[in-house]
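Asks: Have a look at this one before I ask anything.
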Number of protein chains: 2
Amino acid sequence: MENKYDEPQNLSLTKKQRKIIRIKNIILDGATELFLKKTYENTSMNEIADFVALSRATLYNYFRTKEEIYYDIGTRYGQDLIKKLQKLKDPKKSGLEVLISIFKILLEDTLENPFIPQILSNLYLKLNDLNLLNNFFYDALNKNKSTEVKASIDSLDRHVIGFTNIFITYRIIMNSEFQRGIKDGSIKTSLGNFGFFSIMNIVYIGSGGFFRSFQFPLKQYGMTEKKIIELILELIISQLT
Amino acid sequence: MENKYDEPQNLSLTKKQRKIIRIKNIILDGATELFLKKTYENTSMNEIADFVALSRATLYNYFRTKEEIYYDIGTRYGQDLIKKLQKLKDPKKSGLEVLISIFKILLEDTLENPFIPQILSNLYLKLNDLNLLNNFFYDALNKNKSTEVKASIDSLDRHVIGFTNIFITYRIIMNSEFQRGIKDGSIKTSLGNFGFFSIMNIVYIGSGGFFRSFQFPLKQYGMTEKKIIELILELIISQLT
């Protein structure tokens, strides 16, 4: 698997800090590959160390537990995703068109790495457990008051903080394109904001679960992975128009 | 949680066998309740024993591992589901109507017990790992040749055997209603058999994931659980008509 995560270019980082990020990325890439091949449960820290050619001791310097690697894969992915989604913003396109491009990226990423939606769901459940998804949090999100939410999460563990920032930005992007599509007439739906997010989450989480079990012979059914993604996009469009 | 699983009535069972089934059901019900409250990962065998008022030793007499309980919950549910689905067969109703009743049951069950789709997916992945989902298996399923498939699974562990039988029966029921709907004109879709199952699996697995994170205040969004299920059923109908 190629490394899609750029070397850190930020000049404010010291040489040592850049090395840490580089090695962490190598570990996360290797672990991702093993989790996809053997599942998370059946992969050990020893195997990860072997796979990326580090000693067991060095690996533990970077990540104390396998769970930490798991959640780091999710938050690293989320940060990368947000950057990609922000580039899709385009006033020349309709809200529906931008939303479709967003889902296309989400689904292609999920096809390549089917356990990502599961990691993100688990991070979401962590937020749930912390009772952060209460009225305040949801209200603030819907009104784009991300600073209010930020104040209440500053004391959390770094994965939950990372995920919360990703989740807020994701919701704001989706919400703004959804509203734009209703205004420009490209989106016609009785779903409402909440119904829209519900359906979208169901399709996203479900696609991950479906792609995870993608070991049967698609071709025999006249199917390709590309065609499955098209089917799912059509399903989403049918809910928005 | 009420026990929805009937006491075993089969007269060919001895009194002792009936007692084993009864106690197993009590354990499975208690474990389900704990898994829903605290997640599977955060529930220990000790807590399950405490919760159902059995000694640790007695619990281990019935189930050697927590994983066994987990998969037993899935296969017990599947067997119960098949019985319910078989009762829905009704020549006076269209294929579409019967399929909608099937999904209604699936979704209501999933709302009550959101980790069921995950257990079933994991059992499905076990089948995948065993390379059983090869051309032969899928071909046989599509041609309703369940006996051919049965021959190849007789040597597997009991959860995989149980699940395979459930999965075959489920596919046959769904397939037969899907074909019936196309013949009676109630279903009009370009999805094809495989596309239909793909979309349905995505929606089913996704609903489980979505319902698992159902801790936010639905009412504030003018939503009820019933309304969410209606939205999902509408989504399914939109794909079939």
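Every read-out reported here was derived from the displayed coordinates using simple, explicitly stated rules and does not represent laboratory data. On a predicted model such as this, the values are computed, not experimentally measured, just so you know. So basically every Cβ, Gly included, is an ideal-geometry build from the backbone, and we count neighbours across all protein chains shown.
Asks: Hey, for B:Ile161 with labels 7 Å out along Cα-Cβ, what do the inter-copy distances come to in nm, ordered shortest first?
Replies: 5.4
Asks: Mind checking the mean number of beta-carbon atoms from other chains within 10 Å of the Cβ atoms in B:191-201?
Replies: Counting other chains' Cβ atoms within 10 Å and averaging over B:191-201 gives 5.
Asks: Net charge around B:Leu191, counting only other residues with Cβ within less than 12 Å of its Cβ (Lys, Arg = +1; Asp, Glu = -1)?
Replies: Value of the local net charge: 0.
Asks: Next up: My understanding is that a pair violates if its Cα-Cα distance is over 31 Å; which of A:Lys93/B:Lys104; B:Lys19/B:Lys84; B:Lys92/B:Lys188; B:Lys24/B:Lys87 do that in this structure?
Replies: A:Lys93/B:Lys104
Asks: Sticking with this structure for a sec: Give me a comma-separated list of calculated 3J(HN,Hα) values for segment A:196-202, in order, Karplus coefficients 6.51, -1.76, 1.60 applied at θ = phi - 60°, integers in Hz, x for any Gly or Pro.
Replies: 4, 5, 4, 4, 5, 5, 4
Asks: Taking a point 7 Å out from Cα toward Cβ as the label site, list the nm distances between B:Ser44 and the same residue in every other copy, smallest first.
Replies: In nanometres, ordered from closest: 2.3.
Asks: Ok, one more. As a check on your reading of the symmetry: which chain A residue has its Cβ nearest the axis that brings A onto B, and how far is it in Å?
Replies: Its Cβ sits closest to the axis: A:Gly206, 1.
Asks: At B:Gly222, with labels set 7 Å past Cα in the Cβ direction, how many nm apart are the copies from this one, shortest first?
Replies: Once sorted, the set of distances for B:Gly222 reads 4.2 nm.
Asks: Now for a separate question. For B:226-233, what's the mean count of beta carbons from other chains sitting within 10 Å of each residue's beta carbon?
Replies: Average per residue, whole number: 3.
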